[in-house]
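As structure tokens, the structure follows; a few thoughts come after it.
Every number in this text was worked out from the coordinates using simple rules, so none of it is lab data. Bear in mind that the values here come from a model prediction, so they are computed numbers and not experimental data. Note that we place each Cβ from the backbone using ideal geometry, even for glycine, and neighbour counts take in every protein chain shown.
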Amino acid sequence: MMQVELLAALLVWGGAGWLADRWLGSGPWLTVLGALVGYAAGFYLMWLRSMRMDAEEAADDAALLAARATEAPTRMTVRGARTTPRGTDAAPRSAARVAAAPARGGLRDA
């Protein structure tokens with residue numbers, strides 16, 4: 001979409017300069033000036049759109065972080081992809097058991 005804005009601004013301002021040159025009977029100077037103004041306007045529009053997209057992305061990231069902060073903390077087991085909320089009846093694992101887990105084929109809930 002940004003490329004279309006750049007091209008449209010270039011064509012509109014360049015076309016306006018070309019029409020002004022034809023109407024005034026002058027050389028190609030107003031066409032060149034119109035093309036330069038259109039190029040600058042197109043880049044300005046692209047910059048505005050990119051700033052808006054950055055602001056929307058930052059707002060989405062902040063909303064995601066706020067949603068994650070309100071969730072209950074979870075713990076992932078090694079075997080399987082099951083999550084267990086903290087504070088349930090899942091037995092705590094000792095450091096020795098966790099270190100030996102890869103040799104036994106993963107952690108298992110007792």
Residue count for the range 1-59, restricted to those that are outside any helix (DSSP H, G or I), surrounded by fewer than 11 Cβ atoms within 10 Å (Cβ to Cβ) and more than 18 Å from the chain's Cα centre (by Cα): 2
Complete set of residues in the range 19-75 that are among the basic types (Lys, Arg) and in contact (Cβ under 8 Å) with a residue 24 or more places away in the chain: Arg49
